[in-house]
Structure formats: C-alpha cells, structure tokens
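The values are calculated or read from the model by the stated rules, or taken from the named source; none is laboratory data. Just so we're clear, the structure is a prediction, and the values are computed from it rather than from any experiment. A quick note on method: Cβ atoms are made from the backbone with ideal geometry, for glycine too, and the neighbour counts reach across all protein chains shown. Please note that ligands, DNA and RNA were not included when accessible areas were found on the heavy atoms of the full protein model with its side chains. Shrake-Rupley method; radii C 1.70, N 1.55, O 1.52, S 1.80 Å.
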Amino acid sequence: MPITRESMIVRSPDIIFANIEDEVVMMSLESSAYLGLDDIGSRIWAGIETPTRVENLCRDLMRRYEIGLEQCLDDVISFLTELEASKAIQLVVECETEY
C-alpha cells in the first residue's frame, strides 16, 4: 500500500537507534543494515515514536522550516517510502468500527 498524506506511520520495533548530536543512527536487526538520518530525518523519526499521520508530521515540519504543505508532503512521503523499503517504519492499519 503506498504512503499518502492520510497514512498512519510508526517506527518498526526491529530497529535499534541512537541519537548522536542532531542526527540519528539506526540499524535493522533483520538485515543488519545501517542508516544515518540528518536533522530533518531525525525530526521525522522523533515524530513517529507513536503512530502519526503523515500530514501531521508535515504540519510540525512546516512550523520549524520554511516549506509549503505540498512540497513537504512530497519530500516526507518520498523519505518515508525509503524507510518503509528498509523496514524501518510500518504503516498502521486503522480499523473502522461499525455500530
């Protein structure tokens, strides 16, 4: 399923990470692959500690950086797609309850 502005994202429990100054260094327990995140990537990582909607991540980034919503969504979705491919994040499936 592709990531959209409405997608709920959360960190994968199979990733170990460490904060080093303004950056995050991560390792996948599954693949033993390493990944380093810059300041913006680290802010996104911090923002998905709990399930978070992509659009809300962008609203937070827009308060910190001079970027418009559509450009932010494009960039964040692209970044999250890379993280998903490396199994660093998971999409949260929301269930609708009928009464």
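Over all projection directions, the Cα-based convex hull of the chain averages an area of 7.2 nm². Contour minus end-to-end for Asp39 and Asn19, with contour as 0.36 nm per residue of separation and end-to-end as the Cα-Cα distance? Going from the current span to full extension adds 6.1 nm. Taking a sphere under 9 Å around the Cβ of Ala88 and counting the other residues whose Cβ falls inside, with K and R at +1 and D and E at -1, yields a net charge of -1.
Other residues lying with their Cβ under 12 Å from the Cβ of Gly68 contribute a combined charge of -3, Lys and Arg counting +1, Asp and Glu -1.
Once the chain from Glu6 to Arg63 is taken as fully extended at 0.36 nm per residue, the excess over their C-alpha distance is 18.6 nm.
In plain terms, the chain from Lys87 to Met27 could stretch by 20.6 nm, reckoned as 0.36 nm per residue minus the Cα-Cα distance.
The mean sequence separation of alpha-carbon pairs under 8 Å and at least six residues apart, normalised by the residue count of the chain, gives a relative contact order of 37 percent. For Glu70, the solvent-accessible surface computed with a 1.4 Å probe is close to 110 Å², ligands and nucleic acids excluded.
Where does the charge balance sit around Asp38 when Lys and Arg score +1, Asp and Glu -1, over other residues with C-beta under 12 Å from its C-beta?
Spelling it out: positives minus negatives among the neighbours equals -3.
Here the chain is treated with +1 on each Lys and Arg Cβ and -1 on each Asp and Glu Cβ, and its dipole about the Cα centre works out to around 120 debye.
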